[in-house]
Amino acid sequence: MAEGTHVPIRKYLVVWLWLFILSALAYFIDVVHVPAPWKAILLVVVALMKAGMIMAVFMHLGYERLSLIYAVVAPLLFLVVMTIAFLPEGTAILGSHSIVAP
Amino acid sequence: MATAELSLQHEFHDYTLRSPFRASWQKVMMWVFIVVDALTFGSLLVSYGFTRVSIGTWANPAHVFALHIGGKEIPLLLIAIMTFILVSSSGTMALAVANAYERNKKRTVLFLTLTMLLGLTFVGCQVYEWTHLITHGTRPWWNPYGPPQFGAYFFTLTGFHGMHVLSGVLYLAIVARMVANGTLDRRGSYQLVEIAGLYWHFVDLIWVFIFTMFYLF
């Protein structure tokens with residue numbers, strides 16, 4: 001059996017560089033005050049890009065068998081469902097907290 | 001025992017050992033843990049999002065986590081530095097894994113040690129951050145910056161993540177020792193380094209989302 005999953009070192013370095021660039025970009029988006037809906041969209045896109053690169057290359061998921069990729073990614077879609085289900089519900093009870101201070 | 005029966009047993013044995021994921025059980029188990037842990041962190045983040053949306057107002061993290069340098073307030077500087085440190089540690093971890101493939105013991109231990117040092121620096125920054133907020137009166141039930149829930153989620157999210165980093169440092173220390181004293185050579189496999197790497201990169205992955213959802217929004 002072949003040991004582990006071999007990823008060329010160059011690929012690691014390229015992803016590493018991109019992670020620095022995208023982190024700086026996310027910080028920049030926050031500092032320059034991008035208008036409301038665009039800020040959220042840009043931040044989520046940048047976060048998902050970083051997550052995708054870490055999983056695909058650093059965690060070698062892109063080099064694994066398709067069955068393992070599905071087994072890992074499919075349960076995570078549940079988080080998307082939870083976000084869609086609960087965040088609008090939050091606006092529905094807006095202002096009903098008894099303690100909001102200071 | 002008859003030979004036919006023996007060969008049947010061997011066949012059965014081979015069949016049950018063949019992983020549908022074509023990966024070792026050690027690696028598959030780490031992935032199982034990571035998926036479960038991701039759902040736990042996901043639940044915490046969704047709960048945080050729900051709370052924040054339902055309150056309507058929130059503390060301004062850019063201001064709360066600013067550093068003052070030369071009398072000027074630089075927003076979120078500490079968090080930017082922490083992100084930089086953690087991304088760096090992910091890179092050194094990847095290099096440790098790459099060197100483990102080549103069975104280069106010295107460099108594997110070197111990069112594992114660098115990764116641990118960066119991890120400890122990250123936790124050090126977090127200790128500074130917690131101390132700063134606590135001395136200014138932040139508690140899980142009250143804080144001077146916004147709704148009380150801000151303090152509760154701050155401690156829960158960063159505390160949970162910080163514990164992961166600290167556990168990761170301990171994990172890497174054990175792995176580095178096993179590389180250095182030749183345990184992995186005797187075992188004939190360096191896969192443990194790759195599996196420890198999965199955990200470490202996952203902790204970085206979680207930070208991407210905490211950084212985005214808690215600090216930047």
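Within the stretch B:43-59, being assigned to a helix (DSSP H, G or I) and at the interface with another protein chain (Cβ under 10 Å from one of its Cβ atoms) holds for B:Ser43, B:Leu45, B:Val46, B:Ser47, B:Gly49, B:Phe50, B:Thr51, B:Arg52, B:Val53, B:Ser54, B:Ile55. Of note, A:Leu25 does not satisfy the criterion of being surrounded by 20 or more Cβ atoms within 10 Å (Cβ to Cβ) and either hydrophobic (A, V, I, L, M, F, W, C) or not in a helix (DSSP H, G or I) (or both).
Exactly one residue out of A:Leu68, A:Leu87 is at the interface with chain B (Cβ under 7 Å from one of its Cβ atoms), surrounded by 14 or more Cβ atoms within 10 Å (Cβ to Cβ) and more than 30 Å from B:Pro144 (Cβ to Cβ), and it is A:Leu68. For the residues B:Trp31, B:Trp58, the requirement of being open to solvent by less than 50 Å² (accessible area, probe 1.4 Å), at pLDDT 95 or above and hydrophobic (A, V, I, L, M, F, W, C) singles out B:Trp31. Tell me, yes or no, whether the stretch A:37-56 has at least one residue that is open to solvent by 70 Å² or more (accessible area, probe 1.4 Å), modelled with pLDDT under 90 and at negative phi. Taking every residue of the stretch A:37-56 in turn, at least one turns out to be open to solvent by 70 Å² or more (accessible area, probe 1.4 Å), modelled with pLDDT under 90 and at negative phi.
Of the residues making up the stretch B:163-183, those that are crowded, with 16+ Cβ neighbours inside 10 Å and without any contact (Cβ under 8 Å) to a residue 24 or more places away in the chain number 1. Against the condition under 24 Å from B:Pro75 (Cα atoms), in contact (Cβ under 8 Å) with a residue 40 or more places away in the chain, open to solvent by 10 Å² or more (accessible area, probe 1.4 Å) and not acidic (Asp, Glu), how does B:Phe154 come out, does it pass? Here the answer is no, as B:Phe154 does not meet what is asked.
More than 10 Å from the chain's Cα centre (by Cα), charged (D, E, K, R) and within 14 Å of chain A (Cβ to nearest Cβ): does that describe B:Asp204?
Working: more than 10 Å from the chain's Cα centre (by Cα): no; charged (D, E, K, R): yes; within 14 Å of chain A (Cβ to nearest Cβ): yes.
Against the criterion (more than 10 Å from the chain's Cα centre (by Cα), charged (D, E, K, R) and within 14 Å of chain A (Cβ to nearest Cβ)), B:Asp204 does not qualify.
Condition check ((1) within 27 Å of B:Met29 (Cβ to Cβ); (2) open to solvent by less than 40 Å² (accessible area, probe 1.4 Å)) across all residues:
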{"residue": "A:Ile29", "(1), (2)": "no, yes"}
{"residue": "A:Val32", "(1), (2)": "no, no"}
{"residue": "A:Pro35", "(1), (2)": "no, no"}
{"residue": "A:Phe58", "(1), (2)": "yes, yes"}
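In the set B:Phe209, B:Phe160, only one residue is away from chain A (no Cβ under 13 Å), within 25 Å of A:Ala47 (Cβ to Cβ) and either under 12 Å from the mean Cα position of the chain (by Cα) or free of Cβ contacts under 8 Å to residues at least 24 places away in the same chain (or both); that residue is B:Phe160. The single condition among (1) among the aliphatic types (A, V, I, L, M); (2) facing chain B (nearest Cβ under 7 Å); (3) not in a helix (DSSP H, G or I) that A:Ala51 does not meet is (3).
Any residue in the stretch A:21-47 that is touching a residue at least 12 places away in the same chain (Cβ under 8 Å) sitting within a Cβ distance under 9 Å of a residue that is not in a helix (DSSP H, G or I)? List the pairs, counting only those 6 or more apart or interchain. Matching pairs, first to second residue: A:Asp30/B:Pro75; A:Asp30/B:Leu76; A:Asp30/B:Phe217; A:Leu42/A:Val34; A:Leu43/A:Val34; A:Leu43/B:Phe217. Evaluating A:Leu79 against the criteria (1) touching a residue at least 24 places away in the same chain (Cβ under 8 Å); (2) within 7 Å of another protein chain (Cβ to nearest Cβ) leaves one unmet condition, (1). Within 13 Å of chain A (Cβ to nearest Cβ), part of a helix (DSSP H, G or I) and crowded, with 20+ Cβ neighbours inside 10 Å, is that true of B:Ala196? Against the criterion (within 13 Å of chain A (Cβ to nearest Cβ), part of a helix (DSSP H, G or I) and crowded, with 20+ Cβ neighbours inside 10 Å), B:Ala196 qualifies. Against the list (1) open to solvent by less than 50 Å² (accessible area, probe 1.4 Å); (2) more than 7 Å from every other protein chain (Cβ to nearest Cβ), the condition A:Leu19 fails is (2). The numbered conditions (1) at pLDDT 95 or above; (2) within 12 Å of chain A (Cβ to nearest Cβ) are all true for B:Gln149 except (1).
The values are calculated or read from the model by the stated rules, or taken from the named source; none is laboratory data. Small disclaimer: the values here were computed from a predicted structure and weren't measured. Methodologically, a virtual Cβ is constructed for each residue, glycine included, from the backbone with ideal geometry; neighbour enumeration extends over all protein chains shown. Accessible surface is based on the protein model in full, side chains and every heavy atom, while ligands, DNA and RNA are left aside. Shrake-Rupley method; radii C 1.70, N 1.55, O 1.52, S 1.80 Å.
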